[in-house]
Amino acid sequence: FTCPVVDIRRVKENTKRIHVFAPHMDPIPVGRGLADILPESLVAAGAEGVMLNHVEKPLDFETLAATIKRAEEVGLTTIVCADSEEEAAKIATLNPDIIVAEPSSLIGTGVSVGPEYVEAATKCVKSVNENILVLTAAGIANGTDVYNTIIAGADATGSSSGVAKAEDRAAMVDEMIAAVRKAWDERHA
């Protein structure tokens, strides 16, 4: 669960059985950096991981590499966004824990990637490092999208706008979780 930095402690203290991620951090050491997000501060607040390189907070490759390294130093799981299959393969050389393969043009549209993209993006990442989990997303609007993404081979999927725009958000979360379970069970039967 990725939440605003200022909400990490509150979310962590009021939930069970979810992994709380920060939406960004800076690759700075303890010391200067008043307006930056210090990795150690995220850990102190209760974050277990950090999302990096989201379309809303892109990083150049050198900064991304340094930020992944700092996250590893403080024990944060890294989930790194990639806009294309090619970018996903390049980012895989940095060995993050999870790569979010999602074309930014589909984010928030309600139009999800098809099974061909899921398969190709997963193959691109796994050909570099088979231990990196691949989360394929963008445009995930309902349980059907979740099911189709997982059944096509993604290790995971995610949704923000699909839940935020739902008439009954809690019901949509339940629908999506049930779809993950169903697809995962069918894939591994």
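The values are calculated or read from the model by the stated rules, or taken from the named source; none is laboratory data. Owing to the predicted nature of the structure, the values given are computational and were not obtained by experimental measurement. Heads up, the Cβs are rebuilt from the backbone with ideal geometry, glycines too, and the neighbour counts pull from every protein chain shown. These area figures cover heavy atoms from the full protein model, side chains too; ligands, DNA and RNA do not enter into them. Shrake-Rupley method; radii C 1.70, N 1.55, O 1.52, S 1.80 Å.
Of the chain, which part is the longest with no trypsin sites (Lys or Arg not before Pro) in a loop (DSSP not H, G, I, E, B) and with at most 14 other C-beta atoms within 10 angstrom? Present the calculation step by step, with values, prior to reporting the outcome.
Working: sites that count: LYS16, ARG17, ARG32, LYS165.
With a cap of 14 other Cβ atoms within 10 Å, the longest stretch comes to 33-164.
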Next item on the list: Sticking to Cα atoms, compute the Rg of region 1-87 to one decimal and its Dmax as the biggest Cα-Cα distance, whole number, in Å.
Entry: 12.7, 39
Next item on the list: Please work out the average accessible area per residue across the chain, using the 1.4 Å probe convention, and give it in Å².
Entry: 54 Å²
Item checked: Size of electric dipole in region 66-134: Cβ of Lys, Arg +1 and of Asp, Glu -1, about Cα centre, debye, nearest 20 -> 160 debye
Next item on the list: Using just the helices of the chain, give the 222 nm mean residue ellipticity in deg cm²/dmol: DSSP H runs with n ≥ 4 each add -39,500 (n - 2.57), and the total is spread over all residues, rounded to 500.
Entry: -12500 deg cm²/dmol
Next item on the list: Find the eigenvalues of the gyration tensor of the Cα atoms of region 82-138, then list the square roots of 5 times those eigenvalues as equivalent ellipsoid semi-axes, largest first, in whole angstrom.
Entry: 19, 11, 9
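Rank these by accessible area, largest first, 1.4 Å probe: GLU72, GLU86. Write down the numbers at each step before the final one.
Working: GLU72 105, GLU86 130 Å².
Per-residue accessible area, sorted high to low, gives GLU86, GLU72.
Looking only at Cα atoms, what is the convex hull volume of region 47-132 per residue, in Å³?
Working: hull volume 8.4 nm³, N = 86.
Hull volume normalised by residue count: 97 Å³.
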Next item on the list: Pick out which of GLU102, GLU119, GLU56 has the largest mean-square fluctuation in a Gaussian network model of the chain, springs linking Cα atoms closer than 10 Å.
Entry: GLU56
Check: Over region 90-189, what number does the Rg to Rh ratio reach, with both radii from the alpha-carbon atoms and Rh per Kirkwood?
Finding: 0.98
Item checked: Net length gained if the chain between GLU40 and ASP7 were fully extended (0.36 nm per residue, minus Cα distance) -> 10.3 nm
Next item on the list: Against the globular-protein guess of 2.2 N^0.38 Å, express the Cα radius of gyration of region 19-176 as a ratio, rounded to two decimals.
Entry: 1.05
Check: So, with a 1.4 angstrom probe, what is the percent of accessible area on region 26-184 that is carbon and sulfur?
Finding: 54 percent
Notebook entry, point to check: Using the alpha-carbon centroid of each, what span in Å lies between region 15-34 and region 133-184?
Noted result: 25 Å
Check: Given the options PRO23, PRO58, PRO96, which has the most mean-square fluctuation in a GNM of the chain, springs set between C-alpha atoms less than 10 angstrom apart?
Finding: PRO58
